[in-house]
1. Looking at the structure I just gave you, is Ala197 farther than 20 Å from Ser247 by Cα, touching a residue at least 60 places away in the same chain (Cβ under 8 Å) and in a helix (DSSP H, G or I)?
2. Given the condition under 23 Å from Ser13 (Cα atoms) and either touching a residue at least 12 places away in the same chain (Cβ under 8 Å) or in contact with a Phe, Trp or Tyr (Cβ under 7 Å, 6 or more places away or on another chain) (or both), answer yes or no: does some residue in the stretch 172-181 qualify?
3. Taking the conditions exactly as written (at pLDDT below 95 and in contact with an Asp or Glu (Cβ under 6 Å, 6 or more places away or on another chain)), does Thr133 satisfy them or not?
4. Mind checking which pairs have a first residue in the stretch 68-92 that is hydroxyl-bearing (Ser, Thr, Tyr) and a second that is in a helix (DSSP H, G or I) and modelled with pLDDT of 90 or more, Cβ under 8 Å, 6 or more apart or different chains?
5. Kindly check whether there is at least one residue in the stretch 122-143 that is outside any helix (DSSP H, G or I), within 30 Å of Asp190 (Cβ to Cβ) and of a type in the set (Lys, Arg).
6. Among all residue pairs at least 6 apart or on different chains, which show Cβ distances below 6 Å where the first residue, located in the stretch 102-121, is surrounded by 15 or more Cβ atoms within 10 Å (Cβ to Cβ) and the second is in a loop (DSSP other than H, G, I, E, B) and of a type in the set (Val, Ile, Thr)?
7. Looking only at the stretch 206-244, which residues are over 18 Å from the mean Cα position of the chain (by Cα) and not β-branched (Val, Ile, Thr)?
Amino acid sequence: MTEQRWAIVLGASAGTGAAIARAVAHDPGWHVFGVHRGHHMEDAERVAADVRALGRHAALARADIGTPEGAEQLVRTAVESLGGVDVYVANAGVWPAEERAMRDLDAERWHATVRANLDSMFYTTRAVAREITTGGRIVLVSSTAGQRGEAMHADYAATKGAVISLTKSLAVELAPQDVTVNCVAPGWVDTEMVDSATANGGRERIASTIPLGRLASAEDIAGPIVFLCSSLARHVTGEILNVNGGSVLCG
């Protein structure tokens, strides 16, 4: 009989999160607790239906994970629904499309980006760390911007760099429980989050900066995440896996 394993996936209603939920569900024994964003309930239900069509269990929740109370309630709900947590994929965040120089970066935008990209990661991961089973897997999603910075988007880059540091810190803390903690750092991904940047010839301009000549699909990011969640990566922890088509070559 196939062992039953439970995964919590943030942002599972659309884009990369939806691709992750579907990819996890293709692995026999995996069931998904998806967290959808804002008003994306219909999209989230479609993802859940796809997961159930594969014979897997799927549950959904919406939570304000930018607060400690919301994040803790979410994880409690997941644990009650699933009976435990074996895998956690933190794919939450925003990319403010408007370019803004540091000197013009107001406190409102700064705090909104930190809340969405870093507070949500910290609060949910802290709650998961208290509940995750021995041998579990945690994967946090960062960005190439967290590695090299991103001019005119300092708020985004700073939060994504912090996620990388959080990964490395937690990897050592949870190693005695045989829990691995890794990070995937995508480059440009062709999802709705970057629609404003890819419009009016933007896609072609961006693709010209990527050695492989194209933006990643959501599935291109989901595959490496599923690998890090699998037994094939059981001796990999604290790693930053770059999935960027060669645009940022760093170890």
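The values are calculated or read from the model by the stated rules, or taken from the named source; none is laboratory data. All of these numbers come straight from a predicted model, not from anything done at the bench. All Cβ positions, glycine included, derive from the backbone under ideal geometry; neighbour counts span all protein chains shown.
1. Numbers: farther than 20 Å from Ser247 by Cα: no; touching a residue at least 60 places away in the same chain (Cβ under 8 Å): yes; in a helix (DSSP H, G or I): yes.
No: the conditions fail for Ala197.
2. At the first step, the residues of the stretch 172-181 found to be under 23 Å from Ser13 (Cα atoms) are none.
The answer is no; no qualifying residue exists.
3. Numbers: at pLDDT below 95: yes; in contact with an Asp or Glu (Cβ under 6 Å, 6 or more places away or on another chain): yes.
Yes, satisfied.
4. From the stretch 68-92, the pairs are Tyr88/Thr124; Tyr88/Thr125; Tyr88/Val128.
5. Going through the stretch 122-143, the residues outside any helix (DSSP H, G or I) turn out to be 130-143.
Subset that is within 30 Å of Asp190 (Cβ to Cβ): 137-143.
Of the ones still in play, those that are also of a type in the set (Lys, Arg) are 137.
Yes: one or more hits.
6. Partner pairs satisfying both residue conditions: Ala116/Val94; Ser120/Ile65.
7. Ala207, Ser208, Pro211, Leu212, Gly213, Arg214, Ser231, Leu232, Arg234, His235
Quick grid of which residues meet (1) out of contact with any strand residue (DSSP E or B) (no Cβ under 9 Å at 6 or more places or on another chain); (2) aromatic (Phe, Trp, Tyr); (3) within 16 Å of Ile132 (Cα to Cα); (4) at pLDDT below 85:
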residue	(1), (2), (3), (4)
Met1	yes, no, no, yes
Trp6	no, yes, yes, no
Gly17	no, no, no, no
Trp30	no, yes, yes, yes
Glu45	no, no, no, no
Arg62	no, no, no, yes
Gly66	yes, no, no, no
Glu72	yes, no, yes, no
Val75	no, no, yes, no
